[in-house]
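Presented below is the structure to which this report refers.
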Amino acid sequence: MIPGLESGWLHGLVGDEEAAHLWSPERQLEAMIAFEAAHARALGRAGLLDAARAGRLARDIEGVSVDGEALRAGAARDGVPVVALVACLRAAVADDADRVHEGATSQDVLDTALALVLRDTTTLLLARLGSACKRLDALGARFGARTMTGRTRMQAARDIRVADRLAAWRAPLVEHADRLESLRPRVERVQLGGAVGNRDAFGAHGDDVARHLAAALGLGNPPTAWHTTREPIVEYGSRLALVAGSLGKLGQDVCLMSQQGIDEFVLADGGGSSAMPHKRNPIKAELLVTLARFAAVQVSGLHHAMVHEQERSGTAWTLEWLILPQLAMATARALAVTVELLDAVERIGAPSTDEH
């Protein structure tokens, strides 16, 4: 992955440990090995391999220790880590080496691994969206009846209730949660197409192998491979950018509301200044704006990755690998920061008489 979100000093600001784990090389490798083991079992259940032998092969695959450096070197050489992975697995299960990965291709492994990671990512994001909504509800109960100045085009307009502003922040989050849930069947799908996406290496058994593979991994089973059909992935990435964008709006509002002289949003803590010790900078709110803009830039690149030539693209696929993890981690971080920000609120709205 590109350094920044998950490494160096910047990690303390923009990094997210939980999301980074989901997209880590170790988690990706676990998902790839899960594919190969499930694939072996699927061969047995489809009648292409003795069932007992298939089960033994799957267990052997699950027990293999794979050298991460070998995968990195393999990816540099072959453009994908799967060639090196399969070689490692075949060397470790010599008696059944010819049945490892039989009929599959690198894209089957990587796209199915992606589907498994996206499943976990969605679960994480939905939990954080729920947490953010609960915080907003709690703030509404505390401060919702207070008044504050409504502003249009950044100019004072008419008074509104704090509840009105909170509702404008909360409503998109509920919709994003609904849309992410509805996207699950479109992205949490097994990939099995073989060399050119038509499952011909399995003869008449291709659909059976795919069905058993999907069942073993708990994924959906599309009627055909989706090697070059990247619309669901791009749609998912677009939704991530929309989540980050809605949180960026919240962050921008907080930055403006917390300005000295307006003081409609007071936090228990803030960032310090090396030159002006009296300042409490709204770091978390600013970060939400930054992450929203970062996500908006990434999603444009993801749309470029839709252009897959013919039966497989090396260029578009690699572009997807560069962008999607960063987009997912940025969105996860934005949600975590939102919860932290809302937990630190001391007051929203005009100060009461006893606060003067």
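The values are calculated or read from the model by the stated rules, or taken from the named source; none is laboratory data. Computed from a predicted structure; not experimentally measured. Virtual Cβ from ideal backbone geometry, glycine too; neighbours counted across all protein chains shown. The accessibility values were calculated without ligands, DNA or RNA, using every heavy atom of the protein model including side chains. Shrake-Rupley method; radii C 1.70, N 1.55, O 1.52, S 1.80 Å.
How many residues, within segment 281-297, are within 16 Å of the chain's Cα centre (by Cα) and modelled with pLDDT under 95?
0
Among the candidates Ala91, Ala145, Ala141, Ala168, which residue alone is over 27 Å from Leu250 (Cβ atoms) and exposed (fewer than 15 other Cβ atoms within 10 Å of the Cβ)?
Residue meeting the stated conditions: Ala91.
What are the residues in segment 283-332 that are open to solvent by less than 30 Å² (accessible area, probe 1.4 Å) and either of a type in the set (D, E, K, R) or outside any helix (DSSP H, G or I) (or both), if any?
Passing the criteria: Ala305, His308, Ser313, Glu320.
Residues Asp207, Asp178, Asp263: which one is farther than 22 Å from Glu320 by Cβ, open to solvent by 20 Å² or more (accessible area, probe 1.4 Å) and in contact with a Lys or Arg (Cβ under 8 Å, 6 or more places away or on another chain)?
The match here is Asp207.
Condition check: farther than 19 Å from Leu327 by Cα and open to solvent by less than 30 Å² (accessible area, probe 1.4 Å). Does Asp108 satisfy that?
When the stated conditions are applied, Asp108 passes them.
Starting from segment 179-194, take each residue that is farther than 17 Å from Glu235 by Cα and list its partners that are of a type in the set (Ser, Thr, Tyr) and open to solvent by less than 40 Å² (accessible area, probe 1.4 Å), counting only C-beta distances under 6 angstrom and pairs at least six apart or across chains.
If the second residue must be of a type in the set (Ser, Thr, Tyr) and open to solvent by less than 40 Å² (accessible area, probe 1.4 Å), the pairs left are Val190/Thr112; Gln191/Thr112; Gly194/Thr105.
Could you give every pair whose Cβ atoms fall below 6 Å, whose first residue belongs to segment 227-247 and is without any contact (Cβ under 8 Å) to a residue 60 or more places away in the chain and within 18 Å of Asp111 (Cα to Cα), and whose second residue is among the β-branched types (Val, Ile, Thr) and buried (at least 21 other Cβ atoms within 10 Å of the Cβ), counting only separations of at least 6 or pairs across chains?
Listed pairs, sorted by first residue: Pro232/Val187.
So, in segment 226-260, of the ones that are among the small types (Gly, Ala, Ser) and open to solvent by less than 10 Å² (accessible area, probe 1.4 Å), which residue ends up nearest to the chain's Cα centre (by Cα)?
Gly237
Would you pick out the residues in segment 40-53 that are touching a helix residue (DSSP H, G or I) at 6+ places or on another chain (Cβ under 6 Å) and touching a residue at least 24 places away in the same chain (Cβ under 8 Å)?
Those that are touching a helix residue (DSSP H, G or I) at 6+ places or on another chain (Cβ under 6 Å) and touching a residue at least 24 places away in the same chain (Cβ under 8 Å): Ala40, Arg41, Ala42, Leu43, Arg45, Ala46, Leu48, Leu49.
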